[in-house]
1. For the range 5-27, enumerate the residues that are acidic (Asp, Glu) and touching a residue at least 24 places away in the same chain (Cβ under 8 Å).
2. What are the residues in the range 138-166 that are in a loop (DSSP other than H, G, I, E, B), of a type in the set (A, V, I, L, M) and surrounded by 20 or more Cβ atoms within 10 Å (Cβ to Cβ), if any?
3. Quickly run through the range 180-195 and pick out the residues that are part of a helix (DSSP H, G or I) and open to solvent by 40 Å² or more (accessible area, probe 1.4 Å).
4. How many residues are within 14 Å of the chain's Cα centre (by Cα) and among the basic types (Lys, Arg) if we restrict to the range 12-60?
5. Here is a check on your reading of the model: is ALA177 in contact with a Pro (Cβ under 6 Å, 6 or more places away or on another chain), in a helix (DSSP H, G or I), under 30 Å from LEU207 (Cα atoms) and of a type outside the set (D, E, K, R)?
6. For the condition basic (Lys, Arg), open to solvent by 40 Å² or more (accessible area, probe 1.4 Å) and either on the phi > 0 side of the Ramachandran plot or in contact with a Ser or Thr (Cβ under 8 Å, 6 or more places away or on another chain) (or both), what is the one hit in ARG80, ARG55, ARG35?
7. Which condition number does LYS110 fail, the rest of (1) within 21 Å of LEU137 (Cα to Cα); (2) open to solvent by 40 Å² or more (accessible area, probe 1.4 Å) being met?
Amino acid sequence: MKASVTTSNLPLTLEGVVLRIGDTTILDHVGLTIRPGPPTLLVGPNGSGKSSLLRLCMGLERPSAGRILWGGRTDCAAARQAMLFQRPVMLRRSAADNIAYALAKAGVDKRDRSARIEALLARVGLTHRAGHSARTLSGGEQQRLALARALAREPEILFLDEPTANLDPASSRIVEAIVRESAAAGIKVVMASHDLAQVKRLAGDVLFLDRGRLREQKTVTEFFDTQMSPASAAFVRGDLWFDEPLESRTTGASS
């Protein structure tokens, strides 16, 4: 029997999830639950596993061990989710046609697409760029267009992988505004960010990853007020964090 379009993917739960690539452990026994509500922000040093975690939650990767539950099911209702990568790929067509393609893939009736395209372009502030080639748009405009394509799916969960990492401050603020509006409309946003000021502006709760391990899962206020692990405390201070003495790393000593 075909799953109902109202099937929810929330709560999204990871139980003892491990991700290995060859001999390298990317995520190490991660357990967490993502529930409806304000945006969940993923933070941590480069290489901590944030992008890999998003890809697992989106269903683009399979865990090496453990399991992921979407609304209590092991099968992901893919149509209920969308993901925006840090560097989105633009199709060789106009901004409006990029959205039309996304609507077609989402199964939207052709008769309804024109109004939806107009609404989505307006939602991301690109109405005036509708007929322009998507590949000639600025970096910030391309990211907003990619957001419109993701929103065309009317997702229940929207995964964002550092969507403002390569943008100027003005473009970043526009993207943040779209994220806030999406969350206010009931979309669960799960977003990786390296910008702690941005985390404070957007997050309802924070997940801190370090070397593939989930060290903290707290409300945004709790996370910035009290860090339980030395790694998260060092990260919030802006310090580098090592699990072993610096001298042992620089001399090549091992335990």
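The values are calculated or read from the model by the stated rules, or taken from the named source; none is laboratory data. Predicted, not measured: the structure shown is a model, and the values here were computed from it. No Cβ is skipped: glycine too gets one built from the backbone with ideal geometry, and neighbour counts run over all protein chains shown. Note: areas computed on protein heavy atoms with side chains; ligands, DNA, RNA excluded. Shrake-Rupley method; radii C 1.70, N 1.55, O 1.52, S 1.80 Å.
1. The answer is GLU15, and nothing else.
2. ALA152
3. ARG180, GLU181, ALA184 - these are the residues of the range 180-195 that are part of a helix (DSSP H, G or I) and open to solvent by 40 Å² or more (accessible area, probe 1.4 Å).
4. Quick first cut of the range 12-60, residues within 14 Å of the chain's Cα centre (by Cα) only: 12, 34, 38-44, 49-60.
Still in the running and among the basic types (Lys, Arg): 50, 55.
So the answer is 2.
5. no
6. It is ARG80.
7. Of the numbered conditions (1) within 21 Å of LEU137 (Cα to Cα); (2) open to solvent by 40 Å² or more (accessible area, probe 1.4 Å), the odd one out for LYS110 is (1).
To keep it simple, each residue is scored yes or no on (1) part of a strand (DSSP E or B); (2) closer than 17 Å to LEU14 by Cα; (3) open to solvent by 20 Å² or more (accessible area, probe 1.4 Å).
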| residue | (1), (2), (3) |
| --- | --- |
| VAL199 | no, no, no |
| ARG215 | yes, yes, yes |
| PHE223 | no, no, no |
| GLN227 | no, no, yes |
